Each structure stands twice: as C-alpha cells, then as structure tokens.
Amino acid sequence: MQSQTPNPIVAALLEPLPSLVQGRIDLGDQNVVELLVRGFIDHSLAAFQRVLRGEQDDDSAIDGINAQAIALNTVFLGQSGFPEVIVHPWNTAEQLGAFLQDTVQLEYPEDDCVRALLIHLATQVMHALRLPEDQRQEEIEALTLDATDLLLGRAPQDDEDAEVIIG
C-alpha cells in the first residue's frame with residue numbers, strides 16, 4: 001500500500017489522541033496503540049448495538065467496521081498521511097504485516113494483515129458479548145491487551161493468551 005491523502009476516518013480516529021497522550025501520536029507508545037484498539041472495539045460494539053436495536057442492518061454495520069479497520073491498517077503501516085503520527089521502522093507491511101502473518105497465522109497479504117487482525121478482533125468481541133455479564137468485560141479487556149501487544153510487535157505471553165486472539 002502506498003501513502004494516501006489523509007482520509008476523514010483516519011482524521012476522526014486520531015483527533016482525540018493528542019489531548020490524551022501529551023500531543024504525541026507515537027505508534028511505539030503502548031498508550032497510543034491501546035487507545036486506538038479501544039476506539040476500534042468501542043466502534044464495533046456500537047455497531048453491534050445498533051444492529052440489535054434494529055437501527056442498522058448487518059451489512060452496513062460490517063461495512064463500517066471494515067472501513068475503520070482499513071483506516072487503522074493505514075495508520076499502523078505508517079501510511080496515514082498525517083505528519084503528527086510518529087512511525088517507526090516497525091510500522092511497515094514487511095515488518096508488522098509479516099509479524100502478524102506469522103504470529104496470528106493470517107492468510108492475508110502483509111499489507112492487509114492489520115485490517116485482518118482487527119476484523120478478527122471484532123468477531124472475537126462479538127462472541128464475547130454472549131458471555132455472562134461478569135465474564136464479558138474481562139474477556140474484552142484480554143482481547144484489547146492482546147491486540148495492543150500484537151500491534152506493538154509483542155507475541156502473546158503464553159499459548160493460552162494466544163488462543164484469545166487466534167482462537
């Protein structure tokens with residue numbers, strides 16, 4: 001993927017971050033990455049809720065979640081087009097994409113692996129909603145932290161953790 005003109009979805013994703021992270025949107029900062037993952041999960045949960053209330057059909061909810069995942073794919077691969085986003089050599093398809101292919105066993109091109117991971121994350125969150133209330137938040141938190149670790153290039157701590165995202 002090549003660098004793009006900044007798109008409105010990416011702008012909306014990044015807009016609240018500077019006030020939360022002392023003005024630096026550094027993709028090597030765990031807090032930044034975690035905020036982006038949490039934002040994606042919140043967006044996905046809101047879409048699921050709209051579908052359950054009959055305010056949105058399944059296809060448009062899926063399209064919205066996918067659009068958010070595509071936008072984050074460009075951010076995490078260093079192609080957002082926003083100069084305030086601090087990227088690292090790690091933030092490329094050849095590095096992060098290949099890591100995700102190997103670690104999460106994704107069968108997608110390297111330049112689409114962040115999107116694929118996030119779509120899988122949204123699916124796992126949807127399954128977590130079926131859990132009893134007392135277990136749901138714990139599962140979503142574990143999914144959030146696992147995705148954050150993966151996007152920072154850290155493999156899950158053990159096989160049990162790996163199954164949360166992979167599974």
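Just give me the residues in region 53-69 being part of a helix (DSSP H, G or I) and either open to solvent by less than 90 Å² (accessible area, probe 1.4 Å) or among the hydrophobic types (A, V, I, L, M, F, W, C) (or both), in sequence order. Once the filter is applied, which keeps residues that are part of a helix (DSSP H, G or I) and either open to solvent by less than 90 Å² (accessible area, probe 1.4 Å) or among the hydrophobic types (A, V, I, L, M, F, W, C) (or both), region 53-69 yields Ser60, Ala61, Ile62, Gly64, Ile65, Asn66, Ala67, Gln68, Ala69. For region 2-19, the criterion of a residue being at pLDDT 85 or above, of a type in the set (A, V, I, L, M) and in contact with a strand residue (DSSP E or B) (Cβ under 7 Å, 6 or more places away or on another chain) is satisfied by no position. Pick from region 21-38 the residues that are under 11 Å from the mean Cα position of the chain (by Cα) and under 18 Å from Val87 (Cβ atoms): which of them is most open to solvent (accessible area, probe 1.4 Å)? Only one residue fits best here, namely Leu35.
Return yes or no: is Leu45 open to solvent by less than 30 Å² (accessible area, probe 1.4 Å) and touching a residue at least 40 places away in the same chain (Cβ under 8 Å)? No; evaluated as a whole, the condition is false for this residue. Residues that are more than 16 Å from Asp102 (Cα to Cα), at pLDDT 95 or above, of a type outside the set (Phe, Trp, Tyr) and open to solvent by 30 Å² or more (accessible area, probe 1.4 Å) are absent from region 151-167. Note on region 116-140: residues that are open to solvent by less than 60 Å² (accessible area, probe 1.4 Å) and assigned to a loop (DSSP other than H, G, I, E, B) amount to 2.
Exactly one residue among Gln56, Gln101 is touching a residue at least 12 places away in the same chain (Cβ under 8 Å) and closer than 24 Å to Ile140 by Cα, and that residue is Gln101. Scanning region 70-115 for residues that are open to solvent by 10 Å² or more (accessible area, probe 1.4 Å), part of a helix (DSSP H, G or I), among the small types (Gly, Ala, Ser) and closer than 16 Å to Leu36 by Cα yields nothing. Does Gln124 qualify as being at positive phi and in contact (Cβ under 8 Å) with a residue 12 or more places away in the chain? Spelling it out, it is not the case that Gln124 is at positive phi and in contact (Cβ under 8 Å) with a residue 12 or more places away in the chain.
The values are calculated or read from the model by the stated rules, or taken from the named source; none is laboratory data. Note that the structure is predicted; figures quoted are calculated from it, not measured. In this analysis, Cβ positions are derived from the backbone assuming ideal geometry, glycine residues included, and neighbour counts consider all displayed protein chains. The protein model used for the area step is the full one, side chains on, heavy atoms only, and it has no ligands, DNA or RNA in it. Shrake-Rupley method; radii C 1.70, N 1.55, O 1.52, S 1.80 Å.
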